[in-house]
Structure formats: structure tokens, C-alpha cells
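Heads up, the thing below is written out as C-alpha cells.
The values are calculated or read from the model by the stated rules, or taken from the named source; none is laboratory data. Bear in mind the structure is a predicted one, so any value in this text is a computation, not a measurement. A quick note on method: Cβ atoms are made from the backbone with ideal geometry, for glycine too, and the neighbour counts reach across all protein chains shown.
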Amino acid sequence: MHWERDGMMLVRADLCDRIETLQRAAATMSVRDFVQKLGTLRTLARAYNLVPVVALTDALERAVRNEPRHCPAGIYFDRLRDAIGCAPADEAASQAMLASISVRLGA
């Protein structure tokens, strides 16, 4: 079991690095490239059943496609960092994080 925990820590660290890299590069990327990199994050998260990360990448992709240059991506990136620390398959955490984004967008 110890090796599983260590393995998941590596996956989470990799996701954090990818999110940081994507956020730094987002301003200079095309929407197509951004969505492709976001899809890579989602695929990795899905492979490890990190449901909150998958849900937030889906939401960010929809937001970017709806408003490519006016999407408040920073809010999504903040929640993605939080989602990485959530338990896998935690649907309640997914919904809570999505709700927190909605509240911030409505403020």
C-alpha cells in the first residue's frame, strides 16, 4: 500500500507541474493548443480516477470555448490546484468546487 500512496503523490506532483506550466503559457497559446493541453491533463486525471480534476478541466474547457479571450481562467486554475489534493472519485468535492467557481463568477 505504501507504494500506491507514493505513486499517487508522483501523479499529483506531475499534475501540479502541468497546471503551473499551462497557466504560465495560456496567454500566448492558441485556444486549440490550450484545449489540447487541457485534454492531456484530463486524460491523466481520468486514468487515476481523480474525478474532481476531470470535472474542473471539463468546466474550464467549456468556459474557454465559450469565451476564449475573456474566460477568467485563473479561478479555474486555483480550483484545479485544490482538486489535485482531493480524494479520487469524490463527486461531492467536484460539485463544491464547481459551485465555488459559480459564486466567484457571479460576484
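In table form, for the structure just shown:
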| read-out | value |
| --- | --- |
| Residues being free of Cβ contacts under 8 Å to residues at least 12 places away in the same chain and more than 13 Å from the chain's Cα centre (by Cα) - total across region 45-76 | 6 |
| Flag for residue 40 being modelled with pLDDT of 95 or more, surrounded by fewer than 19 Cβ atoms within 10 Å (Cβ to Cβ) and over 15 Å from residue 83 (Cα atoms) | yes |
| Residue that is modelled with the highest pLDDT, among those in region 1-33 that are small (Gly, Ala, Ser) and exposed (fewer than 10 other Cβ atoms within 10 Å of the Cβ) | 30 |
| Near pairs, Cβ below 8 angstrom, 6+ apart or cross-chain, from region 28-44 (under 14 Å from residue 73 (Cβ atoms) and among the basic types (Lys, Arg)) to any residue that is at pLDDT below 95 and not in a helix (DSSP H, G or I) | 37/29 |
